[in-house]
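Presented below is the structure to which this report refers.
The values are calculated or read from the model by the stated rules, or taken from the named source; none is laboratory data. Because the structure is a prediction, the values reported are computed rather than measured. Glycine also receives a Cβ, built like all others from the backbone with ideal geometry; neighbour counts cover every protein chain displayed. The protein model used for the area step is the full one, side chains on, heavy atoms only, and it has no ligands, DNA or RNA in it. Shrake-Rupley method; radii C 1.70, N 1.55, O 1.52, S 1.80 Å.
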Amino acid sequence: TNLGVQALKYMPVRQRAVLALRFRAGFIEPDGAPPPEDPANPGAIPPELAGIPVDDRYRTGGASTVRGYRENALGTQTAYDSLGVATTDVRGGQVLLLANAELRVPLVWIFAAGAFFDAGNVWERPEDIKPSKIFSFADGAGYEDMRYSVGLGFRIGTPIGPVRFDYGWKLRLARSDQPDQGSG
């Protein structure tokens, strides 16, 4: 069962600028009993998450969610073995929270600019979400911490739709033992 909610709001600001707001949340509950935990690897993947196919789990990050992060990087974990070799584990999560605010300003003709603030993450289980992990802007963000980014963009209006060029900066640096995908 996949439950989701999304709210969008577009508000005019001053003359022709627009403030675009979006909030999205989702929750996935697997059907049936969760598979038993692997005794050889306790705590590796929560049984509830293991009951959801990998492609159906939430992941976020990228051009239309949390800019400044690679596509679907939030929900992907990196682990290092004793030799320092990194392995990437696309785990995803049962819970998604995402919020975006973007100020869109027309420039001339078909050109426009934008400034944005994005926030989001996925959590493996609902019990992993804590207010202290959502409302913190301190560095040392782990996989269960909300991620934030800010950035600027340039837009070109074309007959088939707008073309966007955005650049986002992470507002929280990742913990060294729980690096962002592509970090380090």
Practice problem: State the number of residues belonging to region 136-156 that are modelled with pLDDT under 95 and farther than 20 Å from Gly75 by Cβ. | Solution: 3
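So which strands (runs of 3 or more DSSP E) are wholly in region 96-184 and hold at least 1 residues that are exposed (fewer than 14 other Cβ atoms within 10 Å of the Cβ) and in contact (Cβ under 8 Å) with a residue 60 or more places away in the chain?
The qualifying strands (runs of 3 or more DSSP E) are 161-170.
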Exercise. Identify all residues within region 78-95 that are aliphatic (A, V, I, L, M) and either in contact (Cβ under 8 Å) with a residue 60 or more places away in the chain or outside any loop (DSSP other than H, G, I, E, B) (or both); write none if there are none.
Key: Ala79, Ala86, Val90, Val95
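Residues checked against (1) assigned to a loop (DSSP other than H, G, I, E, B); (2) open to solvent by 80 Å² or more (accessible area, probe 1.4 Å); (3) modelled with pLDDT of 95 or more; (4) more than 18 Å from Ala79 (Cβ to Cβ):
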residue: Lys9; (1), (2), (3), (4): no, yes, yes, yes
residue: Pro12; (1), (2), (3), (4): no, yes, yes, yes
residue: Leu19; (1), (2), (3), (4): no, no, yes, yes
residue: Arg24; (1), (2), (3), (4): no, yes, yes, yes
residue: Pro30; (1), (2), (3), (4): yes, no, no, yes
residue: Pro34; (1), (2), (3), (4): yes, no, no, yes
residue: Ala40; (1), (2), (3), (4): yes, yes, no, no
residue: Ile45; (1), (2), (3), (4): yes, no, no, no
residue: Asp55; (1), (2), (3), (4): no, yes, no, yes
Quiz item: What is the number of the single condition among (1) modelled with pLDDT of 90 or more; (2) of a type outside the set (Phe, Trp, Tyr); (3) open to solvent by less than 60 Å² (accessible area, probe 1.4 Å) that Gly4 does not meet?
Solution: (3)
